[in-house]
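Heads up, the thing below is written out as structure tokens.
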Amino acid sequence: MKKLPMALALAALLSSPLALAKTVETVASFSVLADIVQQVGGEHVRVRSLVGPNGDPHSFEPTPQDSLALSKAQVVFVSGLGLEGWMDRLVTASGYQGKVVVASKGIDTRQMAEDGETITDPHGWNSMHNGVVYATNVMNALIAADPDDADYFRQHGAAYISQLNQLDSWAQQTFAAIPETKRKVLTSHDAFGYFGQRYGVRFLAPVGFSTESEASASDVAALIKQLKAEKIHAWFIENQTDPRLVKQIAAATGAQQGGELYPEALSEKDGPAASYIAAFKHNVTAIAGSMK
């Protein structure tokens with residue numbers, strides 16, 4: 001068998017699909033969004049999550065290393081809706097000139113009165129119906145950043161979005177099978193508004209949309225009274241928040257702990273919520289299980 005001349009062999013190698021493969025350097029604001037980018041982008045993306053597993057995206061404080069990561073990124077993904085109050089400062093400090101993709105763009109937002117102001121709830125991804133919007137926006141942004149791999153992103157994105165749609169239907173069916181009077185739970189802060197709206201679950205919490213909010217003594221007393229009156233028997237801690245207040249309230253009402261939820265941050269890789277899909281499945285199963 002004849003060997004190819006060196007020049008022809010090198011040309012063949014450089015023209016191979018492997019050699020032409022591109023990797024889009026991306027930064028995502030927090031772990032849930034980072035996983036969505038990774039699932040859609042597959043082998044054609046490298047993703048850095050600014051807020052890591054079990055981290056709180058409300059109170060996050062960027063480091064110089066985060067600024068450096070942004071300066072090297074081709075695309076930056078944020079959830080938006082006021083979740084990342086620190087992002088504008090970080091973008092300015094880093095000198096990043098690229099596109100900041102708002103993954104929540106296009107969802108039907110919900111508002112709530114908090115401390116006398118009307119606030120937009122930033123936790124859109126906790127409804128899997130909205131998760132489909134997030135994934136679609138991510139897919140379109142990656143196609144724009146790397147048109148040569150558009151078919152790959154469409155294929156990966158479509159398969160992933162199909163999984164999210166199936167999970168949305170599963171969650172609806174799961175809670176529809178539970179009497180409405182039992183679909184009530186206590187959590188640490190108000191992160192499950194979109195989840196509750198989509199799946200017919202009522203969530204009560206001592207703290208509002210942001211974990212940086214503080215509950216007054218009168219608010220806590222009123223919540224304890226309400227929990228007793230409505231006979232809410234289950235409460236949950238959250239992996240990214242201080243559980244002391246919700247434990248204190250639960251102790252005063254006799255409610256039973258339902259476990260730990262993952263509304264704003266994934267677990268470590270060896271935990272029960274290492275991906276967006278795993279976190280959603282875990283939350284639905286735990287919440288529904290506490291009502292039966």
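Tabulated results
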{"item": "Shape of the stretch 22-169, Cα gyration tensor, a/c cut at 1.5", "result": "oblate"}
{"item": "Positive minus negative residues near Glu43 (Lys, Arg vs Asp, Glu; Cβ under 14 Å)", "result": "-3"}
{"item": "Residue-wise HN-Hα coupling along the stretch 93-100, computed from phi with Karplus coefficients 6.51, -1.76, 1.60 (Hz; x: Gly, Pro)", "result": "5, 7, x, 4, 10, x, 7, 9"}
{"item": "Net charge of Cβ neighbours under 14 Å - reference Gln74; Lys, Arg +1; Asp, Glu -1", "result": "+1"}
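Every number here is computed from the coordinates shown, using simple stated rules; none is lab data. The structure presented is a predicted model; accordingly, all values stated were derived computationally and were not measured. Here the Cβ is made from the backbone with ideal geometry for all residues, glycine too, and neighbour counts use every protein chain on show.
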